[in-house]
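Working notes, structure below.
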Amino acid sequence: MQDDELRIFLHALPQYFAHINKNPESIIARIYGVFKVQMEDIVPVNLLLMANTIKHNSVDWIQNVYDLKGSIINR
């Protein structure tokens, strides 16, 4: 997520939170947090952590599923 996208997201966050609280059955993906990852010699990146909307009931050994969007490596 680019910095300008993060600003837009943070501006919309109160409305998103109110909607999710008012509509607990909403199919809008749940957002758990936004994190800035910074590593040596790499430009910091903003990551948005969201709930996965795909059910994985058929595979009991999967504990967590991550879908990292916005990667600019190996596209």
| request: Would you mind checking which residues have amide H under 5 Å from LEU47's amide H? H placed 1.01 Å from N; only 5 or more apart, or other chain. | output: PHE35, LYS36, VAL37
| Once phi is turned into θ = phi - 60°, what whole-Hz ³J(HN,Hα) does the Karplus curve with 6.51, -1.76 and 1.60 give for every residue of segment 13-22, x standing for Gly and Pro? | 4, x, 5, 4, 4, 4, 5, 4, 5, 6
| Solvent-accessible ranking of LEU49, LEU6, largest area first, probe 1.4 Å | LEU49, LEU6
| request: Determine ³J(HN,Hα), in whole Hz, for all residues of segment 26-41 in sequence, where each value follows from phi through the Karplus function 6.51 cos²θ - 1.76 cosθ + 1.60 and θ = phi - 60°; x replaces Gly and Pro. | output: 4, 8, 5, 4, 7, 9, 8, x, 10, 10, 9, 9, 10, 10, 4, 6
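The values are calculated or read from the model by the stated rules, or taken from the named source; none is laboratory data. Computed from a prediction, not measured in an experiment: that's the story for all the values here. Areas reflect the complete protein model, heavy atoms only, side chains present, ligands, DNA and RNA absent. Shrake-Rupley method; radii C 1.70, N 1.55, O 1.52, S 1.80 Å.
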